[in-house]
Amino acid sequence: MFTGIVEELGEIVRVTATAGDSALVAVRGPLVTSDARHGDSIAVNGVCLTVVDAADGVFTADVMGETLRRSALGALSPGDPVNLERAAALGSRLGGHLVQGHVDGVGELISREPAEQWETVRFRLPATLARYVVEKGSITIDGVSLTVAEVGADEFAVGLIPTTLKLTTLGAKGVGDPVNLEVDVLAKYVERLLGARLADEASGASPASPSTGEVA
């Protein structure tokens, strides 16, 4: 589990094709590797990856073909910057929102509108994700927890402050660039639960109630 607060701007060192359609990715990130061990989780542009090895400020991780197809990681090359965040520790402050590191889809940056103190950036998103995005709700873009400022039928906008522009990859993204999107997981759970309840009501069945733990 992550918070969407980027700890470090890292760099792709190499991408090595492995068996099938998977790859072994090496990422430079002195801060996130300072205490990294085999099996730890590190989010790379919002994708939760498992550390295979870590040494000299570089960690490696296996990336399955499914992940490469469903995220923008497959488009990365050596030298590309990436947003890095270690898994959240229990008891730490939740500065952003609950982020799983499971990318829901790939969006596209469609416009940037600079202002004096911030920048409004607009993204197109897959139609299947649009229903989960609401004004003033949370969304994760390339691993960065952000608040939705505006919502359209197939697009949304966020406001980026100078710190975000400087310390994450979002400051250098151009029109047409792909980004990893993860919608608020709470919205997906609510939809699932309400859908099941409505289906029960339509069929005349009684909604399942939580167990009280009592034995008859």
From highest to lowest solvent-accessible area (probe 1.4 Å; ligands, DNA and RNA excluded), Glu119, Glu182 read Glu119, Glu182
Placing each pseudo-label 7 Å from Cα in the direction of the beta carbon, Ile110 and Ser77 end up separated by a distance in nanometres of 2.7
Carbon and sulfur together cover what percent of the accessible area of the stretch 22-173 at a 1.4 Å probe radius?
52
Taking only Cα atoms and a 10 Å spring cutoff, compute GNM fluctuations for the chain and point out the largest among Gly29, Gly39, Gly96.
Gly39
Determine the sum of side-chain charges near Ser138: Lys and Arg each +1, Asp and Glu each -1, restricted to other residues whose C-beta is under 12 angstrom from that of Ser138.
-2
Each residue of the stretch 172-180 in order: what ³J(HN,Hα) in whole Hz does its phi give by Karplus 6.51 cos²θ - 1.76 cosθ + 1.60, θ = phi - 60°, with x for Gly and Pro?
10, 5, x, 4, x, 6, x, 9, 7
Cα-Cα pairs in the chain separated by more than 28 Å, as a whole percent of all pairs, come to 35
For the stretch 104-160, dividing by residue count, accessible area per residue (probe 1.4 Å) in Å² works out to 47
What the Cα atoms of the stretch 54-112 span along the principal axes, largest first and in whole Å, is 35, 34, 26
Computed Rg/Rh of the stretch 1-112, alpha carbon atoms with Kirkwood Rh:
0.95
Against the longest alpha carbon principal axis of the chain, how many degrees, from 0 to 90 and to the nearest 10, is the axis of helix 185-203 turned?
20
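The values are calculated or read from the model by the stated rules, or taken from the named source; none is laboratory data. Note that the coordinates shown come from a computational prediction; the quantities given were computed from them, not determined experimentally. Note: ideal-geometry Cβ built from the backbone for every residue, glycine included; neighbour counts use all protein chains shown. Side chains included, ligands, DNA and RNA excluded: accessible areas come from the protein's heavy atoms. Shrake-Rupley method; radii C 1.70, N 1.55, O 1.52, S 1.80 Å.
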